[in-house]
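The values are calculated or read from the model by the stated rules, or taken from the named source; none is laboratory data. Fair warning: this is a prediction, and the values are worked out from it, not measured in the lab. Cβ coordinates were reconstructed from backbone atoms using ideal geometry, including for glycine residues, and neighbour counts include every protein chain displayed. Surface accessibility is based on the protein's heavy atoms, side chains included, excluding ligands, DNA and RNA. Shrake-Rupley method; radii C 1.70, N 1.55, O 1.52, S 1.80 Å.
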Amino acid sequence: MKILIIGGGNMGLTYARSFVRAHITSRLDLRLLARSPERVPALAAHEIGTVWGSPAECVPGADILILAVKPQDSPALFASLKGLVQPQQLVLSIMAGVRIDTLREALGTPKIIRAMPNLPAQIGMGMTAFTSTDEVTRAELVQVQNLLSTTGKTVYVENESAIDASTAISGSGPAYVYYCMEALMAAAAQMGFSGAEAELLVSQTFRGAVELYSQSGLSCQDWIAKVASKGGTTEAALGAFGAGAVREGLMAGAGAARDRAEELGR
């Protein structure tokens with residue numbers, strides 16, 4: 001399978017390394033298209049695959065095209081690919097907010113998959129939601145899921161609107177986690193812990209709590225009940241969270257993220 005990754009940023013390189021590491025493809029069959037000919041030497045220095053500076057030289061021979069550029073760069077990308085993409089080629093886009101209809105019209109090709117990975121994909125712990133046009137075969141979907149799974153977990157969604165929802169939950173989600181972690185680190189500092197101590201207390205608590213949840217069949221409420229004893233410290237904290245509408249605030253934030261994703265798509 002000859003894969004062409006268009007874009008040599010963090011996600012483009014993450015996919016390239018993951019594909020080679022998982023033996024999905026070889027360095028010989030992996031191609032990367034730099035943003036401009038001037039960027040070829042810097043991208044080639046990573047020694048992951050063959051690097052090209054011109055779409056005309058590498059697009060026609062690829063089985064799968066992975067669009068891994070920033071959404072704001074999509075008009076220039078579409079212009080550079082005009083007339084080069086063939087109907088039998090599979091296009092996988094990870095450009096946030098760029099809808100399938102836009103991709104189909106700009107590239108003139110029917111086989112399109114749109115995916116939304118998140119930042120932990122860089123360490124193989126990502127979460128990616130993806131969907132496709134009807135022209136993509138089941139075998140091709142399996143191929144792409146295998147590619148995406150090299151960076152973590154995946155979920156296929158029937159409706160494209162769910163991609164915007166996944167953007168709000170898993171795409172933006174790591175920032176929500178860091179937001180909560182930062183608040184607890186600040187609380188720890190106020191209680192007299194040093195910066196290093198606060199960071200260790202909070203990061204290990206999050207890591208352990210998530211791992212404990214992942215290894216069990218219990219719900220979040222089940223685990224909360226196990227930690228919170230009647231009249232104890234955890235119950236006091238949860239009461240303060242309720243009074244401050246923390247849960248509602250997080251849900252409202254996720255809703256705002258989804259609305260913004262839909263707005264950007266329009």
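Counting only residues that are open to solvent by less than 50 Å² (accessible area, probe 1.4 Å) and within 20 Å of Q72 (Cα to Cα), which one in segment 1-13 is modelled with the lowest pLDDT?
G8
Among the basic types (K, R), open to solvent by 70 Å² or more (accessible area, probe 1.4 Å) and on the phi < 0 side of the Ramachandran plot - does that describe any residue in segment 33-44? Checking segment 33-44: at least one residue is among the basic types (K, R), open to solvent by 70 Å² or more (accessible area, probe 1.4 Å) and on the phi < 0 side of the Ramachandran plot. Taken across segment 255-265, residues that are surrounded by 11 or more Cβ atoms within 10 Å (Cβ to Cβ), assigned to a loop (DSSP other than H, G, I, E, B) and hydrophobic (A, V, I, L, M, F, W, C) do not occur at all.
Check whether at least one residue in segment 14-21 is surrounded by 17 or more Cβ atoms within 10 Å (Cβ to Cβ), under 21 Å from A106 (Cα atoms) and either modelled with pLDDT under 95 or of a type in the set (A, V, I, L, M, F, W, C) (or both), and report yes or no. No, every residue in segment 14-21 fails to be surrounded by 17 or more Cβ atoms within 10 Å (Cβ to Cβ), under 21 Å from A106 (Cα atoms) and either modelled with pLDDT under 95 or of a type in the set (A, V, I, L, M, F, W, C) (or both). If you check V98 against the conditions, is it open to solvent by less than 60 Å² (accessible area, probe 1.4 Å), under 22 Å from the mean Cα position of the chain (by Cα), under 23 Å from N146 (Cα atoms) and at pLDDT below 95? Yes: the conditions hold for V98.
For segment 113-132, which positions are surrounded by fewer than 21 Cβ atoms within 10 Å (Cβ to Cβ), part of a helix (DSSP H, G or I) and hydrophobic (A, V, I, L, M, F, W, C)?
L119, I123
Answer yes or no as to whether A196 is more than 21 Å from T151 (Cα to Cα), in contact (Cβ under 8 Å) with a residue 12 or more places away in the chain and of a type in the set (G, A, S). Criteria not met by A196. Considering the conditions (1) surrounded by fewer than 18 Cβ atoms within 10 Å (Cβ to Cβ); (2) modelled with pLDDT of 85 or more; (3) closer than 22 Å to T151 by Cβ, L28 is excluded by exactly one of them, (2).
Identify all residues within segment 88-112 that are part of a helix (DSSP H, G or I) and not hydrophobic (A, V, I, L, M, F, W, C); write none if there are none.
D101, T102, R104, E105
Looking only at residues that are surrounded by fewer than 20 Cβ atoms within 10 Å (Cβ to Cβ) and in contact (Cβ under 8 Å) with a residue 24 or more places away in the chain in segment 56-72, which one is nearest to E262 (Cα to Cα)? Can you show your working first?
Filtering segment 56-72 down to residues surrounded by fewer than 20 Cβ atoms within 10 Å (Cβ to Cβ) leaves 56-57, 60-61, 63, 70-72.
Right, trim to in contact (Cβ under 8 Å) with a residue 24 or more places away in the chain and you get 56, 60-61, 63, 70-71.
Values: A56: 33, P60: 33, G61: 34, D63: 30, K70: 17, P71: 14 Å.
Filtering segment 56-72 for residues that are surrounded by fewer than 20 Cβ atoms within 10 Å (Cβ to Cβ) and in contact (Cβ under 8 Å) with a residue 24 or more places away in the chain, the one nearest to E262 (Cα to Cα) comes out as P71.
Within segment 205-222, residues that are free of Cβ contacts under 8 Å to residues at least 40 places away in the same chain and among the charged types (D, E, K, R) have Cβ atoms under 9 Å from residues that are surrounded by 10 or more Cβ atoms within 10 Å (Cβ to Cβ) and not in a helix (DSSP H, G or I) in these pairs: D222/S216, counting only partners at least 6 apart in sequence or on another chain. Filtering segment 137-156 to residues that are crowded, with 17+ Cβ neighbours inside 10 Å and of a type in the set (A, V, I, L, M, F, W, C) leaves V144, L147, L148. Inside segment 158-175, residues that are part of a helix (DSSP H, G or I), open to solvent by less than 50 Å² (accessible area, probe 1.4 Å) and of a type in the set (S, T, Y) make up a count of 3.
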